[in-house]
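First up is the structure itself, then whatever we jot down about it.
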Amino acid sequence: MSRRVLVTGGNRGIGLAIARELDAAGHKVAVTYRSGEPPEGLFAVRCDVTVPEQVEAAFVEVEAARGEVEAVVANAGITRDALLARMPAADFHAVVATNLSATAMVAQRSLMPMVQARWGRLVFISSAVALTGSPGQTNYCAAKAGLIGLARSLAWEVGSRGVTVNVVAPGFVETGMTAVLPARRREQFLEQTPLRRPGRPEEIAAAVRFLTGDDAGFITGAVLPVSGGLGLGL
């Protein structure tokens, strides 16, 4: 069945792969993007998800064009890496605001129509390092780990209304965000990955497609690692 889906941060990397996967599956997909160009062939709304007024305006625009959103994939995120002892407070707060607080705000805005319809899907894109930790990424790991607590608490709140809330935790994936990592850090991630290769954005997208579909209706509060085994057993 075709659903109306919103993907935040959907103009590049994993977010774009998710949007294209869901579009190919027949869903009516809208994406938000903060910078750069809108993706070709997809309905796109410019939005800084850390700004409440812009989140509200984005939902209003999407609802006017497509109808009420039935599934949300909260993917928008940033990194500002540094050792905590040297990290500017602004960088810590910016990463938490974008990766965690904005996800809660987007989820909150989407919930009422889902609850009223007694059907909805929320998928939060976390990271394997939320489980393993990662030196130089205390802000990012804290935010991505927070998504798990957010999802599991929200799953209790809305489960009786037919709304599921799940987390996908990618491992080391070839994207523009990871391309700037030093070679040694890339090697370390691959050494910690049993499959010994980076993932592809399309592999994350396939997992999200499943979790947003009818076949995943009895899955909620779950953390699905799509990581090649990075963080295995955690």
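Placing dummy labels 7 Å off each Cα toward the beta-carbon, the span from Ala97 to Ser35 is 1.4 nm. Note on the chain: helix-only mean residue ellipticity at 222 nm, from DSSP H runs of 4+ residues weighted -39500 (n - 2.57) and normalised by residue number, equals -13000 deg cm²/dmol. Remark on Arg46: its backbone amide H falls under 5 Å from those of Tyr33, a criterion applied only to residues 5 or more positions apart or on other chains, H modelled at 1.01 Å from N.
Projecting each Cα onto the charge dipole of the chain (Lys/Arg +1, Asp/Glu -1 at the beta carbon, about the Cα centre), which of Val7, Met177, Val163 comes out farthest on the positive side? Ranked along the dipole, the leading option is Met177.
Counting only protein heavy atoms and a 1.4 Å probe, the chain has 47 square angstrom of accessible area per residue.
May I ask you to list the residues of the stretch 92-131 whose amide nitrogen lies under 19 Å from a point 7 Å from Cα along the Cα→beta-carbon direction of Leu83? In the stretch 92-131, the label zone of Leu83 (backbone N under 19 Å from the point 7 Å along Cα→Cβ) covers 92.
Counting only Cβ charges, +1 for Lys and Arg and -1 for Asp and Glu, the dipole size of the stretch 1-53 around its Cα centre is about 140 debye.
The values are calculated or read from the model by the stated rules, or taken from the named source; none is laboratory data. None of these values were measured; they are calculated from a predicted model. In this analysis, Cβ positions are derived from the backbone assuming ideal geometry, glycine residues included, and neighbour counts consider all displayed protein chains. Ligands, DNA and RNA are stripped out before the accessible areas are found, and what is left, the full protein with its side chains, is counted by its heavy atoms. Shrake-Rupley method; radii C 1.70, N 1.55, O 1.52, S 1.80 Å.
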